[in-house]
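Every number in this text was worked out from the coordinates using simple rules, so none of it is lab data. What you are looking at is a predicted structure, and each value in this text was computed from that prediction instead of being measured. Every residue, glycine as well, gets a Cβ built from its backbone with ideal geometry; the counts of neighbours run over all protein chains shown.
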Amino acid sequence: MLRIGILGCGNIAGTLAGTMVRMPDTLKITACASRDREKAVEFASRFDIQKAYGSYEELYEDPDVDLIYIATPHSHHKQQMLDALSNGKNVLSEKAFTVNEKEAMEVFELAKAEKLFAGEAIWTRYMPSRRMIDGIIASGRIGKVVSISANLGYKIFHKERIRDPHLAGGALLDVGIYPLNFALMAAGNDSIKSLTGLAVEEGGVDVRSSFSLVFSSGVAASVYSDSQTVTDRRGIIYGTEGVIEVKNVNNPEEIRIYSGDRNPELLETIPITHEINGYEYELKEAADCIANGALEPESMPWNETLRVMRIMDSLRSIWGIKLASELE
């Protein structure tokens with residue numbers, strides 16, 4: 001039984017806690033913490049959690065916690081993970097894992113030294129839909145993959161964590177990370193040959209962006225993210241013999257396979273369902289890894305987290321955008 005402490009008591013923490021309480025055979029929430037003790041107490045009462053702390057330090061030191069799930073702004077992830085690891089706790093952090101690649105490397109180096117698990121909680125990497133899409137590509141049903149497009153946008157720019165560069169805000173790290181991961185998963189282990197991109201900047205963060213990746217194999221990917229409007233959230237994988245269309249790259253709901261004709265014919269529609277809500281897979285994998293002594297998740301290994309951070313670092317360098325600790 002994996003004993004979990006939740007750090008941060010906001011909306012995403014509530015969603016994950018609601019998932020965790022439905023996995024009693026795998027894990028148990030033993031504590032939660034917020035800098036506002038009243039908020040932690042309310043959160044604990046909502047999910048029947050025994051201990052509620054008004055400081056993160058108390059959670060780090062709790063002997064009844066095996067793993068700390070981190071659900072705070074990106075700007076805080078690195079230090080919170082380092083503090084948790086230094087106190088002997090495994091960590092599972094919300095995306096974006098850190099602000100940049102350098103910070104992620106610091107976390108992984110400490111996790112390796114302490115022989116503790118550290119993982120990025122980007123749920124689409126762990127979902128069965130990923131294996132379903134991989135299987136369709138591997139079967140040759142759409143021929144050779146030649147291009148990929150993906151987009152994601154929500155009306156979230158009014159939120160402080162998105163507007164504030166000191167909180168590592170912007171569309172890229174919050175929503176752009178999903179279509180980027182979609183493109184990388186569809187392209188497999190292919191290395192990146194070139195990267196270009198444009199962004200609209202406001203107040204020191206990217207409001208929206210469009211960027212392109214060309215892989216060594218010749219596969220081209222186009223990615224769009226926006227924090228001021230809702231997009232259609234589609235992911236499309238174009239092959240020489242057909243097309244895969246995924247409804248909602250943030251939470252795949254349906255896969256459609258089309259023929260490669262001039263007037264494409266819908267060949268098959270595959271619905272996607274979950275045992276709970278889709279978050280259970282990252283939690284189960286973290287529990288399995290810790291039980292087996294693995295330091296990193298197979299679905300989102302450290303080298304992939306670093307690659308994603310490195311790509312986003314490169315894009316922000318092109319745009320001249322610095323965030324959080326980079327501003328000091």
Expected 222 nm ellipticity per residue - DSSP helices of 4 or more, -39500 (n - 2.57), all of the chain, to 500: -10000 deg cm²/dmol
GLU298-ASP134 FRET efficiency (beta carbon distance; Förster radius 22 Å; 0.05 resolution): 0.95
Between 0 and 90°, nearest 10: helix 37-46 axis offset from the chain longest Cα axis: 70 degrees
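Mind sorting ASP25, ASP134 by how few other Cβ atoms lie within 10 Å of their own Cβ, fewest first?
Fewest-to-most ranking of ASP25, ASP134: ASP25, ASP134.
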Eligible lysines near LYS89 by straight Cα distance, threshold 24 Å, same-chain separation 8 or greater: LYS28, LYS39, LYS51, LYS78, LYS102, LYS112, LYS115, LYS284
Mean separation of Cα contacts under 8 Å (6+ apart) over length of the chain, as relative contact order %: 18 percent
Coordinate range along principal axes, alpha carbons of region 128-273, Å, largest first: 46, 34, 28
Percent of C-alpha pairs per 5 Å bin, region 122-188, short to long: 3, 15, 21, 18, 15, 10, 8, 5, 3, 0
Cα pair distances in region 73-124, grouped into 10 Å bins until the bin that holds the longest one, percent each: 29, 60, 10
Convex hull of Cα atoms in region 284-328, direction-averaged projection (nm²): 4.3 nm²
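What does DSSP give for the chain in terms of the percent of beta bridges that are antiparallel, rounded to the nearest 5?
Working: 37 of 65 bridges.
Restricted to the chain, the bridges split so that about 55 percent are antiparallel.
Between GLU241 and SER212, take the C-beta separation as r, use R0 = 22 Å, and let me know the FRET efficiency to the nearest 0.05. Present the calculation step by step, with values, prior to reporting the outcome.
Working: r = 24 Å, r/R0 = 1.07.
Computed FRET efficiency for GLU241 and SER212: 0.40.
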Evaluated at q = 0.13, 0.21, 0.23 Å⁻¹: base-10 log I(q)/I(0), Debye formula over Cα of region 2-123: -0.44, -1.17, -1.39
Top of GLY170, GLY235, GLY203 by mean-square fluctuation, Gaussian network on the chain, Cα under 10 Å: GLY203
Computed E for ILE270/GLU106 - FRET, C-beta separation, R0 51 angstrom, nearest 0.05: 0.80
Pair-distance profile P(r), taking every C-alpha pair of region 243-328, with 10 angstrom steps and integer %: 13, 23, 28, 28, 7, 1
